[in-house]
């Protein structure tokens, strides 16, 4: 009997190297390897939107002397000897950035290669399953991915891939579209939080002029806490308070004072303490940055701290 040739041995070894991996309802076969970043190609139908370059991630890659988590890639359908990224485009982008800075030690990255090119649906389902295991999914990605999936595959398929109803999908898309209007925030990811709070208000009360007013007041820092938007459920039911809220200089608090039957603040110590704490919480972060290191401000804070400590001791005794 003739002995198998070396090519056959290599081919058998390659096949044996593949292992089954289950990603929710999607089962794929992959093998581990390392590839040059130049051999990887991003997916033009990537569900994640927005910039991928991240200085902090680059620092982490350098500190760890490379990537710990492998990129999930597939054989490129049109480019021999290249692989398309299924998951890990941010890691790839920032590894590329380091290589372009002349740090060639980051040119090789760990990868997990599928045994074939996936279908569009398999690729999307795999990506979504992986990202649902991560903390940022609930923090900011759910609405963004819903919006992108509708663009890629339509509402019905998008709802099916996400495992939700079309009605719930539409809500996620609405939140994402609204979040795009909240700009110039200290933390851009918080735009989703603002949009979630605002869309929680009754739709019959949330007219375009009210939405415009909220977006403007957040940009001007007249509203600094997204949870304050819950008070709109009271304000918008009162015609006087609602009309006042759309004024340029109006705030949530000034509108609340115009709600019919609203309790007027008493002059007691507790109310004064509440007012003082709210004033402190509402100081814009830009103003705090200007005051940072000011010896007079630091001294006044120390005096206030001592006064409050004395007050607490007197009230506790």
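Throughout, read-outs are computed from the coordinates displayed, never taken from laboratory work. Since the model is a prediction, treat every value here as computed from it, not as a measurement. Cβ coordinates were reconstructed from backbone atoms using ideal geometry, including for glycine residues, and neighbour counts include every protein chain displayed.
Miscellaneous remarks
- The antiparallel fraction among DSSP beta bridges confined to the chain stands at about 75%.
- With a simple spin-label model that places each label point 7 Å from the Cα along the Cα-to-Cβ direction, the separation between residue 302 and residue 227 comes to 3.2 nm.
- Length gained when the stretch residue 203-residue 219 is fully extended (0.36 nm per residue, less Cα-Cα span): 3.5 nm
- Helix axis angle, 295-316 relative to the chain longest principal axis, alpha carbon, degrees: 70 degrees
- Take every Cα pair under 8 Å whose residues are at least 6 apart in sequence, average their separation, divide by the length of the chain, and the relative contact order is 12 percent.
- Cα gyration tensor shape of segment 54-210, rounded if a/c is under 1.5, else prolate or oblate by comparing a/b with b/c: oblate
- For the residues 190, 95, 104, a GNM of the chain with alpha-carbon springs under 10 Å puts the largest fluctuation on 104.
- Extension gain, residue 168 to residue 54, is 37.9 nm, computed as 0.36 nm per intervening residue step minus the present C-alpha separation.
- Helix 269-281 axis, angle to the chain major axis (alpha carbon atoms, nearest 10°): 40 degrees
- At R0 = 30 Å, FRET efficiency that the Cβ-Cβ distance of residue 186 and residue 135 yields, to 0.05: 0.90
- Of every Cα-Cα pair in the chain, the percent that sits beyond 27 Å: 62 percent
- Tilt relative to the chain, helix 89-100 - C-alpha long axis, 0 to 90 degrees, to 10: 80 degrees
- Förster-model FRET efficiency, 25 Å R0, residue 65 and residue 36, C-beta, rounded to 0.05: 0.90
- Averaging the Cα positions of each part gives two centres, and for segment 68-142 and segment 182-251 these lie 38 Å apart.
- Anisotropy class of segment 128-178 from Cα gyration tensor, a/c 1.5 cut: oblate
- Helical content alone sets the calculated 222 nm signal of the chain at -15000 deg cm²/dmol, taking -39,500 (n - 2.57) per DSSP H segment of four or more residues and averaging over every residue.
- Rounded if a/c under 1.5, otherwise prolate or oblate - segment 183-280, Cα gyration tensor axes: oblate
- Value of relative contact order over segment 183-280, rounded to a whole percent, pairs C-alpha under 8 Å and six or more apart: 22 percent
- Choice from 58, 180, 299 with maximal GNM fluctuation in the chain (Cα, 10 Å cutoff): 299
- Each DSSP beta bridge with both residues in segment 14-129 is either parallel or antiparallel, and the antiparallel ones are about 75%.
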